[in-house]
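What follows is a set of notes on a single structure, which appears directly below.
The values are calculated or read from the model by the stated rules, or taken from the named source; none is laboratory data. Owing to the predicted nature of the structure, the values given are computational and were not obtained by experimental measurement. Positions of Cβ are generated from backbone atoms using ideal geometry, with glycine treated the same way; all protein chains shown enter the neighbour counts.
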Amino acid sequence: MRRLTRPFFARDPEAVARDLLGTLLVVDEGPVRRVARVVETEAYGGADDPASHAYRGPTPRCAVMFGPAGVLYVYKSYGVHWCANVVTGRAGVAGAVLVRAAEQLAPEPAPLRGPGLVARALGLTGADSGLDCCGRDARVVFARDAGAPAGADVAATPRVGISREVERPWRFALVGHPALSRPARATMLKAT
């Protein structure tokens, strides 16, 4: 397993969202290690993205989105469930990628169809917002492994669950994966 480093995240959110597909999200909780393969993501920008929490600038809720890259941004959606994002881009410019769906591999296999299920299964809450995933002793990391689906088809579709900029094709999904939150039926891209 090879951990993703800060330069991976210090790029445009759209590129990071696409490239996170197939990676592992690993959470170490003492004797328990939770591992899930990312199968669906959504990119969010800042001042140029009305669907982003950072559209109007930094607030106490979204300040972490302004950097540095590679830290978690965890927020509560509609006061109901936590959603886990990773910050992207250069410091001072907001960007993040939401992990929309994943395939849990450990401690036991399960489809995590939706961002609330991802956060709940991995034990991520608002207390984790701002946690550095690139630090030497990070308990939450993103990594690549030999089990990643090589050459899998990727769909780029409009984002879901938002009311602004709904047409922007910044939702990325591994086509046909059983853990997707919603079927991916849109422009097909070849995985890079």
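Details
- Selected residue (criterion: farthest from the chain's Cα centre (by Cα)) from residues of the stretch 21-75 that are hydroxyl-bearing (Ser, Thr, Tyr) and under 25 Å from Ala156 (Cα atoms): Tyr55
- Here the stretch 98-108 is the region considered, the condition is being of a type in the set (A, V, I, L, M) and out of contact with any Lys or Arg (no Cβ under 7 Å at 6 or more places or on another chain), and the residue that is surrounded by the fewest Cβ atoms within 10 Å (Cβ to Cβ) is Leu98.
- Test: residue in the stretch 87-97 that is surrounded by 18 or more Cβ atoms within 10 Å (Cβ to Cβ) and closer than 16 Å to Val26 by Cβ: no
- Contact annotation: residue pairs with Cβ atoms under 7 Å, 6 or more positions apart or on different chains, pairing a residue in the stretch 68-84 that is closer than 14 Å to Pro115 by Cβ with a partner that is of a type in the set (D, E, K, R) and in a strand (DSSP E or B), are Trp82/Lys76.
- When Ala17, Ala36, Ala51 are checked against the criterion of being buried (at least 16 other Cβ atoms within 10 Å of the Cβ) and assigned to a strand (DSSP E or B), Ala36 stands alone in meeting it.
- Unmet criterion (only one of (1) modelled with pLDDT under 95; (2) closer than 24 Å to Pro60 by Cα; (3) of a type in the set (A, V, I, L, M, F, W, C)) for Val166: (2)
- Any chance Pro111 is surrounded by 17 or more Cβ atoms within 10 Å (Cβ to Cβ) and out of contact with any Ser or Thr (no Cβ under 8 Å at 6 or more places or on another chain): yes
- Some residue of the stretch 70-82 being part of a loop (DSSP other than H, G, I, E, B), modelled with pLDDT of 95 or more and either in contact with a Cys (Cβ under 6 Å, 6 or more places away or on another chain) or crowded, with 17+ Cβ neighbours inside 10 Å (or both): yes
- Every pair of residues 6+ apart whose Cβ atoms lie under 9 Å, when the first sits in the stretch 2-15 and is closer than 8 Å to Gly70 by Cα while the second is surrounded by fewer than 15 Cβ atoms within 10 Å (Cβ to Cβ): Ala10/Arg90; Ala10/Ala91
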